[in-house]
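The block underneath contains the structure these notes are about, expressed in structure tokens.
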Amino acid sequence: MKRFVRGAFAAGVALAAGSIPALAGWEPVRPVEFIVPAGTGGGADQMARTIQGIVTKHNLMKQPLVVINKSGGAGGEGFLDVKGSAGNPHKIIITLSNLFTTPLATGIPFSWKDLTPVAMLALDEFVLWVNADKSYATAKDYIDAVKQAGGTLKMGGTGSKQEDQIITVAMEKATGAKFTYIPYKGGGEVAVQLVGNHVDSTVNNPIEAVAQWRGGKVRPLCVFDAKPMGYDEPITDGRAWKDIPTCKSQGLDIEYLMLRGIFMSPRATKDQVEYYVELFKKVRETPDWQDFMKTGAFNTTFMTGADYAKWVETEEKRHETLMKEAGFLASN
């Protein structure tokens, strides 16, 4: 609503002044750096590069969109880079749960409030995966095996004290099972480790493991959501995302969804934020984006403005509780 009120006001001023033309909106005048605070091949990286491809293919920007991975310090390198670029509208960042977990776990001087919220692009699911060569058919089968193994079975995940390990600890608390957690740089590497039987399970996002599932290398046991995923197109052997049961229905009362959203550097103006909001609206309208959402079984919720900021604030508080329960908060 504010946008239309502002537009109407500007148009009224121009008409009243007679000779004063309406001002054009802001747009980038040089290449835009698209920071990924995670490694290559993971969910955030895949989404950023998909957006880059869509923007290029459909000529949605006059300037190039350049993806740059800055995964050091559990993504802290990327967040601090953007935080330190106040007033630079040519730098945006895609976020995941390390927006919350990294400052909480490491104590680095960063908060999402240091950035400028732009838009929630989607919410990402988490699935419990095992190697397809294993006999586990249900989450209960696997958890029973983990219990019997006495802590020797390995859970591979992205980073330490981040979302994958939070879910792993929640599984341990809910079942009494004990995993050996092995951290990797990104979801792509995690998927490779599971295919190679170097770990026994993962909680990778759908987009991070769909290729391996389609290839018959991994098997999904359950999804950490309140309801099954709503995609009915078969992936492999006649099974679709909607056929994966919820972990809750398998006796694992755990739900976790992750933000895939965009922020800008501090002190961005309304016109600059509006430019990127409109850009991502155009991205979402393309068949390429809709195919990507389907392939990765994303929850397609989209938010901007005050609604987005309020959602992020609530998630920060939830993650502080989860991190405290897991014993992952940085010591003062």
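Determine the pairs where a residue that is farther than 11 Å from residue 297 by Cβ, located within the range 228-240, has a partner that is of a type in the set (Gly, Ala, Ser) with Cβ atoms under 9 Å apart, the partner being 6 or more residues away or on another chain.
Short answer, once both residue conditions are applied: 234/240; 236/215; 236/216; 237/216.
Which pairs do you get when a residue that is in a loop (DSSP other than H, G, I, E, B), found in the range 263-281, comes within reach of a residue that is open to solvent by less than 40 Å² (accessible area, probe 1.4 Å) and of a type in the set (Lys, Arg), reach meaning Cβ atoms under 9 angstrom, with the pair 6+ apart or on two chains?
265/91
Being closer than 15 Å to residue 254 by Cα and either within 26 Å of the chain's Cα centre (by Cα) or open to solvent by less than 30 Å² (accessible area, probe 1.4 Å) (or both) is the filter here; which residues of the range 130-147 pass it?
139, 143 - these are the residues of the range 130-147 that are closer than 15 Å to residue 254 by Cα and either within 26 Å of the chain's Cα centre (by Cα) or open to solvent by less than 30 Å² (accessible area, probe 1.4 Å) (or both).
Suppose we keep only residues that are among the small types (Gly, Ala, Ser) and surrounded by fewer than 24 Cβ atoms within 10 Å (Cβ to Cβ) within the range 187-198. Which one would you say is farthest from residue 132 (Cα to Cα)?
188
Which members of the range 199-245 meet the condition of being under 22 Å from residue 180 (Cβ atoms), part of a helix (DSSP H, G or I) and open to solvent by 10 Å² or more (accessible area, probe 1.4 Å)?
Hits for the range 199-245 are 208, 212.
Out of 315, 255, which single residue is part of a loop (DSSP other than H, G, I, E, B), acidic (Asp, Glu), out of contact with any strand residue (DSSP E or B) (no Cβ under 6 Å at 6 or more places or on another chain) and touching a residue at least 24 places away in the same chain (Cβ under 8 Å)?
Answer to the selection: 255.
Could you tell me whether the range 319-328 includes any residue that is outside any loop (DSSP other than H, G, I, E, B), crowded, with 16+ Cβ neighbours inside 10 Å and within 16 Å of the chain's Cα centre (by Cα)?
yes
For residues in the range 58-110 being basic (Lys, Arg) and assigned to a loop (DSSP other than H, G, I, E, B), which is nearest to residue 166 (Cα to Cα)?
Checking each candidate, the answer is 70.
If residue 150 passes every condition in (1) open to solvent by 40 Å² or more (accessible area, probe 1.4 Å); (2) in contact with a helix residue (DSSP H, G or I) (Cβ under 8 Å, 6 or more places away or on another chain) but one, which one does it miss?
Evaluating residue 150 over (1) open to solvent by 40 Å² or more (accessible area, probe 1.4 Å); (2) in contact with a helix residue (DSSP H, G or I) (Cβ under 8 Å, 6 or more places away or on another chain) leaves (2) as the failure.
The values are calculated or read from the model by the stated rules, or taken from the named source; none is laboratory data. These numbers come from a predicted model, not from an experiment. As a convention, Cβ positions derive from the backbone with ideal geometry for all residues, glycine included, and neighbour counts pool all protein chains shown. Side chains are part of the model used for accessible areas, which takes the heavy atoms of the whole protein and leaves out ligands, DNA and RNA. Shrake-Rupley method; radii C 1.70, N 1.55, O 1.52, S 1.80 Å.
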